[in-house]
Amino acid sequence: MKKENYKYALKIIAIFFLSIISSGNIFAQLKGNGLKTAIVNYNYSIDGKSMEMVLYYSDYGNIQCFKYDVEGLPYATIVTKDSIIEINYGIQAYRKYAKSPLDINFNYLTPAVIKKFDIKSPGTVDFMDKSCTIFNAKFKNEEISEMLVWVFKGVELRRQIIYNDKTKTDLIATYLEENPEISEHTFIVPGGFQRYK
């Protein structure tokens, strides 16, 4: 893989480490008004490039699977309560990462988390004809400066990450299906795939 393509792929993987930011793992609070399952199509722009992605969202966000292509090769990233699995269909292998220590659930914000990430909510806005709550979080690390997230019933419809070098990534929903049936096989590593570091 070319160096520039490798960097591009790493940024894509990084966004999935942040996917737990808006959907967390404490979703009991949402069972009254959140979406149990959803399928979301996104347009994802990064470093001047654009790609299409699909999110399969289940168990009120406790398990998610993103499917996408990188330079023509199919990938999936499965986010669960305690791990993130990157599946590379091109070489029939997968990597498993421990869950990121960064764990913000915008549906269940504690005073400590709000203070740590200087989280503010400017209010609600209509996006895709849905009333979304907007959140803004600030980060103190070497790469990410801040993030804006639009959340509808526990599902994010947009996520914009602003880096310290002023570049941005933007994940924008183009289609949302609420509470569809989703096969449990969607969230399982395919048979015959090898784990690699």
*Looking at (1) surrounded by fewer than 17 Cβ atoms within 10 Å (Cβ to Cβ); (2) of a type in the set (S, T, N, Q); (3) at pLDDT below 95; (4) under 25 Å from TYR89 (Cα atoms), which is the one condition that is false for THR167?*
(4)
*asked:* With the requirement that a residue be touching a Lys or Arg at 6+ places or on another chain (Cβ under 7 Å) and loosely packed, with under 14 Cβ neighbours inside 10 Å, what does the range 170-196 give you?
replied: ASN179, ARG195, TYR196
*Report, ordered by the first and then the second residue, all pairs with beta carbons closer than 8 Å, sequence separation of six or more or different chains, a first member in the range 173-193 that is assigned to a helix (DSSP H, G or I), and a second member that is of a type in the set (Phe, Trp, Tyr).*
THR186/TYR56; PHE187/TYR56
_Can you tell me which residue is farthest from the chain's Cα centre (by Cα) among those in the range 176-190 that are closer than 16 Å to LEU35 by Cβ and charged (D, E, K, R)?_
GLU181
_Quick check on my filter: what residues within the range 108-120 are out of contact with any strand residue (DSSP E or B) (no Cβ under 7 Å at 6 or more places or on another chain), surrounded by 14 or more Cβ atoms within 10 Å (Cβ to Cβ) and either part of a loop (DSSP other than H, G, I, E, B) or not hydrophobic (A, V, I, L, M, F, W, C) (or both)?_
TYR108, LEU109, LYS116
*Please find, within the range 17-66, the residue that is modelled with the lowest pLDDT out of those that are of a type in the set (Val, Ile, Thr) and closer than 18 Å to VAL79 by Cα.*
ILE26
*Could you tell me whether the range 47-58 includes any residue that is hydroxyl-bearing (Ser, Thr, Tyr) and assigned to a loop (DSSP other than H, G, I, E, B)?*
no
*Taking the range 146-197 only, how many residues are among the aliphatic types (A, V, I, L, M), closer than 19 Å to CYS65 by Cα and in contact with a strand residue (DSSP E or B) (Cβ under 6 Å, 6 or more places away or on another chain)?*
10
*Which of (1) at pLDDT below 95; (2) surrounded by 14 or more Cβ atoms within 10 Å (Cβ to Cβ) is the odd one out, the single condition ILE87 does not satisfy?*
(1)
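The values are calculated or read from the model by the stated rules, or taken from the named source; none is laboratory data. Model, not experiment: these values are computed from the prediction. Quick reminder, even Gly has a Cβ in these numbers, built from the backbone with ideal geometry, and neighbours come from all protein chains shown.
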